[in-house]
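Values in this text are rule-based calculations from the coordinates and carry no lab data. Only a predicted model underlies this, so the values are computations on that prediction, with no experimental measurement involved. With ideal geometry, Cβ positions are generated from the backbone for all residues, glycine too; neighbour counts draw on all protein chains shown.
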Amino acid sequence: MGYVVLALLLTAGAAFAVVAQRRSHRPPGVSDLDAEVEASGWVLRLGASLSVPEARIWAGAGETATRALTAAAECHRAAGARLSAAHTADEYAQATRVAQEGLAHIATARAALGSGPVLADSAA
C-alpha cells in the first residue's frame, strides 16, 4: 500500500514539474493564436476597404488616389501572403503592420477623392 501512495506522489510531482517548466518557458505577451486573429481582422478590413460599392467615385479618381489605391491593393496582397505563411506572433505582427499600411493608403485615396475615411480611421 505504501508503494502505491509513493508512486502516485511521484507521478503527481512529475506532472506538476512538467507543467511548471512549460509555463516558465512560455514568452510573455500575445499568443500566436491571438496574433493570427488580429492579423486576419486587419487583412479583412483592408480587403473590405478596397471593395467599395461606389465604383463610379473610384473610376474618376485622380493620380494621387489611383497611386494610393494601387499601393493599398499591393499591401493587401502582401499582407495576405505574409498571413498565410506566418507561424509566430512576430510574423503575424508583420502582416498586421502591412495591412495597417494599406489602410493608410486607403485613407489617402479617400482624402484625395474628398470622401471621409470609413474604415481607415481605426488603423491608428
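Taken one residue at a time, the phi angles of region 31-42 give Karplus couplings (6.51, -1.76, 1.60, θ = phi - 60°) of 6, 4, 5, 4, 5, 5, 5, 5, 4, 4, x, 5 Hz. Gly and Pro are set to x. The phi torsions of region 90-105, fed into the Karplus equation with coefficients 6.51, -1.76 and 1.60 and a -60° offset, translate into couplings of 5, 5, 5, 5, 5, 5, 4, 4, 5, 5, 5, 4, x, 5, 5, 5 Hz, rounded to whole numbers, with Gly and Pro shown as x. Modelled spin-label separation between residue 33 and residue 11, with each label point placed 7 Å from Cα along the Cα-to-Cβ direction: 2.8 nm. The label point for residue 48 and the one for residue 88, both projected 7 Å from the Cα toward the Cβ, are 3.1 nm apart. Placing a pseudo-label 7 Å from each Cα along the Cα-to-Cβ vector at residue 70 and residue 97 gives an inter-label distance of 2.5 nm.
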